[in-house]
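**Q** So that we are looking at the same thing, I have put the structure below in C-alpha cells.
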Amino acid sequence: MSYISRIDAVMDRSPVMPVLVVEDPAKARPIAEALVAHGVSTLEVTLRTKSALDVIAEMSKVEGALVGAGTVLNPKQLDEAMKAGAKFIVSPGITKSLAEAAIDRDIPFLPGTANASDIMMGLDLGLRRFKFFPAMTNGGIPALKGLSAVFGNLGVRFCPTGGITEATYKDWLALPTVGCVGGSWLTAGNAAPDVIAERAKALGIR
C-alpha cells in the first residue's frame, strides 16, 4: 500500500474524526468505547494535556479504535506519540522537518494548511492529503471550494477542522475534495460516555 493510500485509509474509515482533549487517562477507554460502538472509530487525541500520551495508550487498547495524535508540532513529539501507540498524526501546520519525519517513519500524516502556499509546500514534499485548519476562521466552505478548484485536479483531499459543528458537518462532507471532518462537538462540555454515545449514534454511521 502506498503512503497516500495509507492516509486515505485513515480518512475514509469514519466521516467524522473527533478531536479529543482528555485530561484524565482513566476516562480514555470509556470515551473511546462510546465512540467506537457507534462507528466513530478514528480518534485524534491532541497533545494539549500532560496526560495525552497516556490517553493514546489507553484508547489504543479499545478494539476497533484507530488512535492518532493531534497537535503534533515536531519530530520529537511524533516519535513520542508513535511510542504511545498512535497510528497516524495530525498537525496544526506544516513544516519540512515534520513532514519528512512522518514520511521517513511511514506514519500517515495530515498536516494543517490554511492557504495555497501551505498546500504547495506539502505538494513539494510529496503529500496530497491535508487538514484545512482552522476551517471557519480561514473562510469556511467558500474558501475550501476556492482551494479545491485550484488543487482538486491534482488529487488533493482535505479533512477540515476548526469550528465545524453537528449542524454543519454534512455541508463540509458534501464537498468532493473532503474525505472526513474533524470536530470536538461529540465530547464537548466534558460529556459523560453515555452522552457521547448518543451524540455518536446520532451521526448514523452504524
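Values in this text are rule-based calculations from the coordinates and carry no lab data. Please read these numbers as outputs of a predicted model, since none were measured by experiment. Using ideal geometry, Cβ is built from the backbone for each residue, glycine included, and neighbour counts are taken over all protein chains shown.
**Q** Test Glu44 against the stated conditions and say whether it is in contact (Cβ under 8 Å) with a residue 24 or more places away in the chain, under 21 Å from Arg157 (Cα atoms) and not aromatic (Phe, Trp, Tyr).
**A** Working: in contact (Cβ under 8 Å) with a residue 24 or more places away in the chain: yes; under 21 Å from Arg157 (Cα atoms): yes; not aromatic (Phe, Trp, Tyr): yes.
Considered against the rule, which asks whether it is in contact (Cβ under 8 Å) with a residue 24 or more places away in the chain, under 21 Å from Arg157 (Cα atoms) and not aromatic (Phe, Trp, Tyr), Glu44 comes out as yes.
**Q** Look at the range 156-175 and say how many of its residues are touching a residue at least 60 places away in the same chain (Cβ under 8 Å) and more than 18 Å from Asn138 (Cα to Cα).
**A** Let us first name the residues in the range 156-175 that are touching a residue at least 60 places away in the same chain (Cβ under 8 Å), namely 157, 159, 161, 169, 173.
Imposing the further condition that a residue be more than 18 Å from Asn138 (Cα to Cα) reduces the set to none.
Adding up the residues that qualify gives 0.
**Q** May I ask you to list pairs of residues, at least six apart or on different chains, whose Cβ atoms are under 6 Å apart, with the first in the range 77-98 being on the phi > 0 side of the Ramachandran plot and free of Cβ contacts under 8 Å to residues at least 60 places away in the same chain and the second being assigned to a helix (DSSP H, G or I) and among the aliphatic types (A, V, I, L, M)?
**A** Once the first residue is on the phi > 0 side of the Ramachandran plot and free of Cβ contacts under 8 Å to residues at least 60 places away in the same chain and sits in the range 77-98, its partners that are assigned to a helix (DSSP H, G or I) and among the aliphatic types (A, V, I, L, M) give Gly85/Ile56; Gly85/Ala57.
**Q** Quick check: anything in the range 119-133 touching a strand residue (DSSP E or B) at 6+ places or on another chain (Cβ under 6 Å), charged (D, E, K, R) and closer than 18 Å to Val10 by Cβ?
**A** Yes; the residues of the range 119-133 include at least one that is touching a strand residue (DSSP E or B) at 6+ places or on another chain (Cβ under 6 Å), charged (D, E, K, R) and closer than 18 Å to Val10 by Cβ.
**Q** A further question on this structure: Restricting to the range 176-206, and then to whatever is part of a helix (DSSP H, G or I) and without any contact (Cβ under 8 Å) to a residue 24 or more places away in the chain, can you tell me which residue is farthest from Leu35 (Cα to Cα)?
**A** First pass over the range 176-206, keeping only residues part of a helix (DSSP H, G or I): 185-187, 193-202.
Still in the running and without any contact (Cβ under 8 Å) to a residue 24 or more places away in the chain: 185, 195, 198.
Working: Trp185: 12, Val195: 10, Glu198: 9 Å.
Across the range 176-206, the extreme among qualifying residues is Trp185.
**Q** Could you name every one of the helices (runs of 4 or more DSSP H) located completely within the range 12-113 that has at least 2 residues being closer than 22 Å to Pro160 by Cβ?
**A** Once the helices (runs of 4 or more DSSP H) in the range 12-113 are filtered for at least 2 residues that are closer than 22 Å to Pro160 by Cβ, what remains is 96-105.
**Q** Any chance the range 35-48 includes a residue that's touching a Gly at 6+ places or on another chain (Cβ under 8 Å), under 26 Å from Ser2 (Cβ atoms) and of a type in the set (Asp, Glu)?
**A** yes
**Q** Tell me which residues, restricted to the range 115-137, are assigned to a loop (DSSP other than H, G, I, E, B) and either in contact with a Gly (Cβ under 8 Å, 6 or more places away or on another chain) or over 23 Å from Tyr169 (Cβ atoms) (or both).
**A** Leu125, Gly126, Leu127, Arg128, Phe133, Pro134, Ala135, Met136, Thr137
**Q** Could you list all residues from the range 1-11 that are in contact with a helix residue (DSSP H, G or I) (Cβ under 8 Å, 6 or more places away or on another chain) and part of a helix (DSSP H, G or I)? Break it down stepwise before answering.
**A** Step one: list which residues in the range 1-11 are in contact with a helix residue (DSSP H, G or I) (Cβ under 8 Å, 6 or more places away or on another chain), which gives 1, 3.
Passing the criteria: only Tyr3.
**Q** Let me ask something else. Can you name the residue in the range 128-178 that is under 14 Å from the mean Cα position of the chain (by Cα) and among the charged types (D, E, K, R) and, of all such residues, is surrounded by the most Cβ atoms within 10 Å (Cβ to Cβ)?
**A** The qualifying residue surrounded by the most Cβ atoms within 10 Å (Cβ to Cβ) is Lys131.
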